[in-house]
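Read the figures in this text as sums done on the coordinates, not as results from a lab. Everything quoted here is computed from the prediction, not taken from an experiment. Glycine also receives a Cβ, built like all others from the backbone with ideal geometry; neighbour counts cover every protein chain displayed.
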Amino acid sequence: MAELAAQFSGRRPSRSANRSDRLAVILHADVAGSTQLVQQDEHLAHERMQDAFRRFGDIITRYSGHVREIRGDALLAEFDRASPAVSAALNFQAEQAERNAQRNESIQPTVRVGIAMGEVFTADDKITGAGVVLAQRVERLAKPGGVCITEAIHEAMPQRMPFDEKSLGERKLKGFDEAVRVYTARLHKGSALPMPADVSGTIKAPVVPRLAITAAIVLIVAGGLLAWLQPGASRFEPASVAQMATPLPDKPSIAVLPFENMSSDPVQDYFADGLTDNIITSLSQFGDLFVIARHSTFQYKGKPIDIRDVGRDLGVRYVLEGSIQKSLDSLRVMVQLLDTETAGHVWAERIDRPLDDQFKVQDEITNHIVAMIASVGVDHGNLQKIEFEQVARTPTESLQAYFYFLGGVSDRYTEEDNLIARQMSEKFLETDPRYTRAIAKNAWTHLQDYWNGWSESPEDSLIRGIELARAAIDSDPNDTWSRWSMASALLLQQQHDASIEEYQRALKLSPNDADVLVEYGWALAYAGWPEDGISLMKSAIRLNPHPPGWHFWDLAWTYFVAHRYQLALEALDRQEPKTNFTHLLLAACYAQVDRLEEAASTMKHFRQLEPGYSIALAAATEPFKHPQDLEHWLDALRKAGLP
């Protein structure tokens, strides 16, 4: 009882030698209005409540959960992951609603469910702990027949799950010092409930981004950016959203503009771009921030701008901008954070460093700026140093390799561009064989050769791509690009579940990476979940409002797989620059909407550009999980005239 009292007061109970603490997903359910039901007919009410929980227990077991306790009008269960818990709850609620609808009398048990993630332990053969208490508190917020979940469960849910999750805002719960954001969960209208095999197999839910950097984020929430920059804070005027191109996100949002080179040395353009890249990459690893992608912010490079216009165009509350100026042996960086509504300064600083080691200086400045943004006014001590050293890591020790890297990234994906990208990555590796991103980029070029039919030996290209993807992970398993390249390699081998796990690992490392989000959506289309893929891609385009053309190609492709041809055509219309394979997908879409003359003409043009591409090559290289999806694609190509 002393331990429980400590939990209710918001304090951690002391640990004892005979218990094992662990993190778990907890489901708590009770019958709404059980007292009134018992007063009407005690025997029948207990019978029906027991029947409801027996059936609920069977469903929980099918979804790989464990029923820990059933007492009168309440049930307690434990799961390893979030998606099976929510699936089981919604499955039961649908079944119970149908059963109650068939009864005429008033004794119809209606259940409320709360699901939370937290620390639990077993004592006297019973499960208890803060996670249990939290699930109980959240369950009280659910309507009869409803399901409520915490933000941790919401964030841990794979995007492919067909659930609608609506925020109820932050709630102050008894026994907890910090407010908890709570969501309702229900099934998408017209969607089928996930079966146990769909949520209990090898696909694991991504770890909550907060848990990946738990200590740092907790401190940030306590007194850093999430409090300091939160819209509505009294520190400065709230941003107007009336003229925003898109609504402001429900988290602090920022765009990092390209740093300006104020030196006479044009080589410092690379340093300025590299510093901008480092800051964007570092901030993108915090799941509690909303960070606009590099491709969209670099649209403003070298152009006169009005900060308020940038805020409206990109849909962000804050903009970071800066400049660098190099002298013979030192570097000066000017940086300022601006409110896009008022164009006023929130924070500004001048940073002077001796230029004895360019990369060391770049890392040091990146760490300093990110730390200032994330923790202004808060002393994190050693924790800050450790966390930000993990976030901002120089990709290579070779300045020459880094210049090649910055100059070799292309937004076009033609055979010629792919060859240039390979040559550049090989130059990286000549100067620094351990440069992880160069290894991953090289792997990706070989996979592109295989997929697009640009190789004289597709099988060799696939094998080489797989080898390099493995080498990238061996070089740095915590690099987003290494996980991304392995995800692509596994997809092309039709190892869909393993591929999805790698995409989730990549997103865990960098939750704001729009490129990975788009490719993950593309992979989900191949795995048979195109609608979930479309949802991810829309999120990516919000992070990257001026995306590279291939984002729209992947979106159009996913629309095609979903049989939404008109939307696919609209996405292809937005793709710039067009590539050879734009014409292939255009022809397939035209064929599916019976615009056969346009299909034939477009396919003729594609065959002039890619004479080696054929139905046989498409059948051999398109990694669809389900045969009917492959046949859907091949049928469209045949109708359009591909031999």
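The HN-Hα couplings worked out from phi for segment 466-480 by the Karplus form 6.51 cos²θ - 1.76 cosθ + 1.60 (θ = phi - 60°) are 5, 4, 5, 4, 5, 5, 5, 5, 4, 5, 7, x, 9, 9, 4 Hz, whole numbers, x standing for Gly and Pro. Dimensions of segment 563-643 based on its C-alpha atoms, expressed as ranges along the principal axes with the largest first, amount to 29, 28, 24 Å. Note on Lys639: aspartates and glutamates with a C-alpha under 15 Å away, same-chain residues under 8 apart excluded, are Asp594, Glu597, Glu598, Glu631. Pick out, from Ala116, Ile60, Val182, the residue whose Cα sits farthest towards the positive end of the charge dipole of segment 59-203, with +1 on the Cβ of Lys and Arg and -1 on the Cβ of Asp and Glu. Highest projection toward the positive end goes to Val182. Beyond 25 Å in Cα-Cα separation lie the following of the pairs Lys143/Lys166; Lys172/Lys251; Lys189/Lys251; Lys143/Lys174; Lys166/Lys251; Lys251/Lys441: Lys189/Lys251; Lys251/Lys441. Other residues lying with their Cβ under 12 Å from the Cβ of Ser106 contribute a combined charge of 0, Lys and Arg counting +1, Asp and Glu -1. Positive end of the dipole of segment 523-643 (Cβ unit charges, origin at the Cα centre): among His583, Leu617, Ala556, the Cα lying farthest that way belongs to His583.
Using a/c under 1.5 as the rounded threshold, could you call segment 110-164 rounded, prolate or oblate? The axes a ≥ b ≥ c are square roots of the C-alpha gyration tensor eigenvalues, and prolate needs a/b larger than b/c, oblate otherwise. Oblate, since a/c reaches 1.5 and b/c is not below a/b. Annotation note: trypsin sites (Lys or Arg not before Pro) in segment 501-557 located in DSSP loop regions with a Cβ neighbour count of at most 13 within 10 Å are absent. Between segment 461-495 and segment 93-125, the C-alpha centres lie 44 angstrom from each other. Across all directions, the average flat footprint of the convex hull enclosing the Cα atoms of segment 409-469 is 3.8 nm². Applying the criteria of a DSSP loop state and at most 16 other Cβ atoms within 10 Å to the GluC sites (Glu not before Pro) of segment 446-475 yields Glu456.
Averaging Cα coordinates gives a centre for segment 129-153 and one for segment 268-314; these two points are 38 Å apart.
The magnitude of the dipole of segment 523-643, with charges of +1 and -1 set on the Cβ of Lys/Arg and Asp/Glu and taken from the Cα centre, is near 140 debye. Taking all Cα pairs closer than 8 Å and separated by 6 or more residues, the relative contact order of segment 433-587 comes to 14 percent.
Shape class of segment 78-190 from the alpha-carbon gyration tensor: prolate, with a/c at 1.5 or above and a/b greater than b/c. Hydrodynamic estimate: the Kirkwood radius of segment 137-179 over Cα pairs, inserted into Stokes-Einstein at 4 °C and 1.567 mPa s, corresponds to D of 110 µm²/s.
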